[in-house]
Amino acid sequence: MTTTVHTTIPSTMPSTMPSTMPTPVTRTAERVRTPESRHWIEICDVADLEPEWGEAALIDGVQVAVFRLCDDQVVVTTNIDPRTGSAVMARGIVGTRGGVPTIASPLHKEAYSLRTGECFSDPELRLAIRLSRVIRGRVQVAGSAGTSS
């Protein structure tokens with residue numbers, strides 16, 4: 001079974017922040033079965049992601065933000081800002097706090113741990129982190145509960 005994944009991935013990697021938004025690219029993701037019976041949805045090649053920059057994708061009708069950190073670790077979170085409900089987290093500011101990778105909301109600048117999703121300034125806010133991995137250079141995210149494969 002395939003799922004359509006909408007990603008915004010620049011055709012070339014800019015050395016600075018782009019002045020215009022890249023054109024969205026539609027890709028077909030593949031569901032991958034593992035021995036644990038969990039299905040994985042391929043999003044893109046890790047090489048398509050610029051380090052310390054977020055990209056948005058639509059997985060099973062849910063918006064996610066995909067971040068490639070400077071150590072090539074990939075983190076997938078919800079794209080929805082926990083404070084405002086706006087789909088903007090992929091445009092947040094990637095950084096670190098005490099050695100922990102973070103994403104700061106582009107709207108109100110709350111910083112969230114990319115390990116746990118906790119907000120450093122407001123314990124009532126939490127950013128959902130999706131289970132993800134990189135296999136043979138392809139970024140995969142665990143399918144949401146209840147989706148067929």
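The values are calculated or read from the model by the stated rules, or taken from the named source; none is laboratory data. Since the structure is predicted, the reported quantities are computational estimates derived from the model, not experimental observations. Every residue, glycine as well, gets a Cβ built from its backbone with ideal geometry; the counts of neighbours run over all protein chains shown.
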**OP:** Could you grab me the full set of residues in the range 63-74 that are crowded, with 18+ Cβ neighbours inside 10 Å and more than 11 Å from E52 (Cα to Cα)?
**Re:** V64, A65
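For (1) at pLDDT 95 or above; (2) under 21 Å from E42 (Cα atoms); (3) among the acidic types (D, E), each residue gets a yes or a no:
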{"site": "I59", "(1), (2), (3)": "no, yes, no"}
{"site": "T77", "(1), (2), (3)": "yes, yes, no"}
{"site": "V100", "(1), (2), (3)": "yes, no, no"}
{"site": "K109", "(1), (2), (3)": "no, no, no"}
{"site": "C119", "(1), (2), (3)": "yes, no, no"}
{"site": "G137", "(1), (2), (3)": "yes, yes, no"}
{"site": "Q140", "(1), (2), (3)": "yes, yes, no"}
**OP:** Please identify the pairs in which a residue from the range 123-134 that is assigned to a strand (DSSP E or B) has its Cβ atom under 6 Å from the Cβ atom of a residue that is hydroxyl-bearing (S, T, Y) and modelled with pLDDT of 95 or more, counting only partners at least 6 apart or on another chain.
**Re:** I129/T77
